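Please read the structure below before turning to the comments.
The values are calculated or read from the model by the stated rules, or taken from the named source; none is laboratory data. Just so we're clear, the structure is a prediction, and the values are computed from it rather than from any experiment. With ideal geometry, Cβ positions are generated from the backbone for all residues, glycine too; neighbour counts draw on all protein chains shown.
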Amino acid sequence: MDQEDQAAQDEKRAKRKRKWQTVGRIFCLVCACLLLPVFVTAVWIGHLSWIGIVVGIVYLAPGILSPLAGWAGRKRLEGFLSWLSAGMTILLPLAITIAAFWPEDNTKPWRPYRFDAELAALEAERAVPDQENAALHCAGLFARLDVNDQPGSLRRTSEVRDRMHRSVWSRQEYPEASQWLDTYSWAVDQLVQAATTGTFRWPLQAYTYDQYTVPYKPLGRGIELLLMSANRDLGEGRIDEALTKYFCVTRIAHDLRQQMWPLDWRIAFRYEVDALRVMREALVRHDLSDRDIARIGQRLPSTEDPWPQDAQAFFRAEKLRYMNMLARLYEVNDEGEVRFASTITLSSDDWRHKVADPETGKWFRLYWRLNMPLDPKHLHVVADDYFARFNPLLEPGFRPFPDREQGMTWIDASRAMANFYRWFTEMAFFQWEYPDVRQRHATLVAQRRGTWLVLGLRRYRDERGAWPVSLDDVAAYVPAEAFLDPTNGDSFVYARDGDNFKLYSKGINRLDEGGRDRYVKKLGIAEDDIAIWPPYVREPSSPESDEEMLKQLAEIYGERYITRLQEDANIP
């Protein structure tokens, strides 16, 4: 009887053991299978080094093969794989501990690795002689400009400032602002001289967190002064002076795009669009001579789309910026020795400015070995692989599409888990930049071609005494490509309206929305037409819409927030 009880107890223990073995096998297999898609995706997208691939295989293979061997009855193989899996689990904290206390040779000065040779080659290609560099000649001017100085009328309301900056005016309309503008005549004259005889060229910067070399605020104030002065000249009949200043703005915008960074392109687009807008007003509403109209035709930016050529230089510079961002994970000394960095530097100028403690940051060196090239020179291959996804943007016939909200995809999650720094760098500084730049560039070309069409319309009216019925009637006055809207591959919309006319692009959504560019909240749609003439003026917000907005804010932030907001803005 005792032997039977013992046998029964042994059988129960064996069943419990087999049960827990099965649970363990299932748990081990599920964990490995959950990590396997991440590992395979990371390998497929190239976010792991060969060390990371080997470590991943060594960690995942036992987790998958060990349960399968157990169910197949290969007990000895299952035991070996189980011990191997347990050993690899212990190896990770052991490696981290060794890395934390491993002595380092810090007697040599280490600095962030960077691709200085590539940057120097790029600088040499775009360099201009110092005597022809308008940026050097205007350095003192930009240092003297007070970007916060403005007359009382401009401080009290933005309406006056917008009118002076965007449209024609005269000193009789705004005498105080006109006197203030006269105090900056020296700056306007110097900018005109520099833009007429030279080229603005600032050094490139290869790091996002570095101080930019372009003096954006003083330059923006200089452009504002040029446009205000030109608009006043046009309003008071000084056509030659006005056109010269408009051409200076378009020239500075062209030079700023040669900086080849997305920020420079965005600012340059705005400068040129502002100048083209007022030149169209001059063509439609002002008494220009044939010489003035011919001069505009000679100096207007070309109707050809320069994107294919500009984009090549643009993406070359962006690849360099991308490589230098990833190169912050490496350090180099004066002897040319390279190692992984224990911390990430935020500035190349002050490389001692770190984001982590160098001692605890030693652990990062193990992490970077798993997912970064061991030799930073291989970042060229990484950059080529990453930027290959933007090749469609380089095609001349590419049409940008409206933005669509997109959540985090599986590939994005795999990138983040495989290499958080590279994923964050791509997402924050590169991934969303280029479709926007392509769209803005297409919009700028549409503005240029629209201005050429207005020039043709003016020539037609001067010869025939009235605006044409159809846009085709001006074909003899403008280049053929001016009729093609680069934002959608269609034609511009034109309609004669008595003594006036409407001309606009249907924008990237390819819908005719009457030349409006606004968000219609009630319909939940964004109208994106590009108004060429007349300029689109946004409708002032109605009291109802203001009350509705305040109600929505109150629901989110509470009534106390709305009360404080109204007190700060003196809203009744």
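Do we find that Glu318 is outside the structural domain of Leu219 (by TED's automatic domain parsing) and either closer than 24 Å to Asn133 by Cα or out of contact with any His (no Cβ under 7 Å at 6 or more places or on another chain) (or both) in this structure? Please lay out each step first, then the result.
On the way: outside the structural domain of Leu219 (by TED's automatic domain parsing): yes; either closer than 24 Å to Asn133 by Cα or out of contact with any His (no Cβ under 7 Å at 6 or more places or on another chain) (or both): yes.
So Glu318 fits the description; yes.
Might you let me know whether region 521-529 holds any residue that is in a loop (DSSP other than H, G, I, E, B), of a type in the set (A, V, I, L, M) and at pLDDT below 85? Before you say what the answer is, go through the steps one by one.
Step one: of region 521-529, the residues in a loop (DSSP other than H, G, I, E, B) are 521-524, 529.
Then keep just the ones that are of a type in the set (A, V, I, L, M); that gives 523.
Those left that are additionally at pLDDT below 85: 523.
Yes, there is a match, as at least one residue in region 521-529 is in a loop (DSSP other than H, G, I, E, B), of a type in the set (A, V, I, L, M) and at pLDDT below 85.
Give region 212-251 a look and list any residue that's over 14 Å from Ser185 (Cα atoms), assigned to a helix (DSSP H, G or I) and free of Cβ contacts under 8 Å to residues at least 60 places away in the same chain, or say none.
Passing the criteria: Tyr216, Ile239, Asp240, Leu243, Thr244, Tyr246, Phe247, Cys248, Val249, Thr250, Arg251.
Kindly check whether there is at least one residue in region 465-486 that is hydroxyl-bearing (Ser, Thr, Tyr) and not in a loop (DSSP other than H, G, I, E, B).
No, every residue in region 465-486 fails to be hydroxyl-bearing (Ser, Thr, Tyr) and not in a loop (DSSP other than H, G, I, E, B).
Keeping to region 407-459, report how many residues are outside any helix (DSSP H, G or I) and either β-branched (Val, Ile, Thr) or modelled with pLDDT of 85 or more (or both). Step through it out loud before you land on a result.
Looking only at region 407-459, we keep the residues that are outside any helix (DSSP H, G or I), and these are 407-409, 419, 431-432.
After this cut, where a residue has to be either β-branched (Val, Ile, Thr) or modelled with pLDDT of 85 or more (or both) as well, the list is 409, 419.
Number of matching residues: 2.
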